[in-house]
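Working notes, structure below.
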Amino acid sequence: MLVIVIYVFLVYVTYQVYKHFFPQPDVNSQGKYILISGCDSGFGNALAIELDKRGFNVLAGIFGEQSREALTTTLSARATVFSIDISKEDQINSAYEIVKDKTNVLHALVNNAGICENGLIDWTSMDTMRKLMDVNFFGHVAMTKKFLPLLIAKRDSRVINVSSIAGFLAEPSMAAYSASKYALESFSDCLRREMAVWGLRVSIIEPGAMRTPIVEELDLAARKQWVSVPDDVKERWGEEFFQHQVKKLEKNTVLKMAENPNKVVEALRHAIMNTCPEIRYRPGWQSSLIFFHSLCVLLGSSIS
């Protein structure tokens, strides 16, 4: 097993070195339209600004109206900012009409919108479970299916799905979030294989903990969830156990060492612009390290 792990590691390092010294060229941004969901803050916001600077026609979807003015002011006149809740079919249909009014061809769809709630399965309501699946999975599926005709109107268009290390590593208190990301991972793999005949490229972004509002507010989200937990469940687990969980969250080394979100933006940029986009991107040391750890565990389990 150790030999296999070392071999995989050496192949990975060799590939990364090759890419560094022999990078593939980027596509011309002129006249190309990029649709991005979740541009209120975080990765989506930064990506919209970056691509706008590079000359793309950015179609930026926001969830909250309060984000419209700031983003519209920041972006150039080429960009279009519109509101969309990707869990609502009527809003996806409205977004399609907005996009269709601008172009008949999309170069890329970036499924970035997402929400996160952490908490033990016993604490998490079915409504919360469904909400995370509706946004983090079904919303992206619906967006992809709706805009597929504009993507396959030309070859070499792209769908980029923002997943997470939670899409290949299931940690305690992350069941709802991990389930939505595992689903997105398998959907992305199927989509890539099915649409290869159309020349559609599909990439998955798998970041670790990054300095974004979702990560920075996990402890607050946990406290908010605990308030809504039924009394009988609270009694079963106890306040002391909950406070212990919150302290563990606050002291979590991975979260404390959250990385620069620009690493994710650069991975997204590469997936959109490069002539040879990768199937999976693991920006930052956390994602790569945890992936190799997971690989070792998987290989060890298989061999044993």
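A few notes on this one:
- Where a residue in the stretch 69-94 is within 30 Å of MET129 (Cβ to Cβ) and its partner, wherever it lies, is among the aliphatic types (A, V, I, L, M) and outside any loop (DSSP other than H, G, I, E, B), with Cβ under 6 Å and at least six apart: PHE82/ILE98; SER83/ILE62; ILE84/ALA95; ILE86/MET143; SER87/VAL135; ILE92/ALA142
- Where strands (runs of 3 or more DSSP E) fall entirely within the stretch 16-116, those with at least 2 residues that are over 17 Å from the mean Cα position of the chain (by Cα) are at 57-62, 80-83.
- Hits in the stretch 192-211 - residues which are surrounded by fewer than 20 Cβ atoms within 10 Å (Cβ to Cβ) and touching a Ser or Thr at 6+ places or on another chain (Cβ under 8 Å): GLY199
- Scanning the stretch 69-81 turns up at least one residue that is surrounded by fewer than 21 Cβ atoms within 10 Å (Cβ to Cβ), touching a strand residue (DSSP E or B) at 6+ places or on another chain (Cβ under 8 Å), modelled with pLDDT of 95 or more and small (Gly, Ala, Ser).
- Taking residues in the stretch 100-120 that are within 24 Å of SER228 (Cα to Cα) and touching a residue at least 12 places away in the same chain (Cβ under 8 Å), and partners anywhere that are in a loop (DSSP other than H, G, I, E, B) and of a type in the set (A, V, I, L, M), the pairs with Cβ atoms closer than 7 Å and at least 6 places apart or on different chains are ASN118/MET174.
- Test for LEU120: is it buried (at least 23 other Cβ atoms within 10 Å of the Cβ), over 18 Å from the mean Cα position of the chain (by Cα) and over 21 Å from SER67 (Cα atoms): no
- Every pair of residues 6+ apart whose Cβ atoms lie under 7 Å, when the first sits in the stretch 184-195 and is within 13 Å of GLU206 (Cα to Cα) while the second is assigned to a helix (DSSP H, G or I): LEU184/ASN136; LEU184/PHE137; LEU184/HIS140; LEU184/GLY167; GLU185/GLY167
- Test: residue in the stretch 43-65 that is β-branched (Val, Ile, Thr), within 30 Å of VAL233 (Cβ to Cβ) and either surrounded by fewer than 23 Cβ atoms within 10 Å (Cβ to Cβ) or in contact with a His (Cβ under 6 Å, 6 or more places away or on another chain) (or both): no
- Boolean, SER157 is of a type in the set (S, T, N, Q), in contact (Cβ under 8 Å) with a residue 12 or more places away in the chain, at positive phi and out of contact with any Lys or Arg (no Cβ under 6 Å at 6 or more places or on another chain): no
The values are calculated or read from the model by the stated rules, or taken from the named source; none is laboratory data. The structure presented is a predicted model; accordingly, all values stated were derived computationally and were not measured. Cβ: placed from backbone, ideal geometry, glycine included. Neighbour counts: every protein chain shown.
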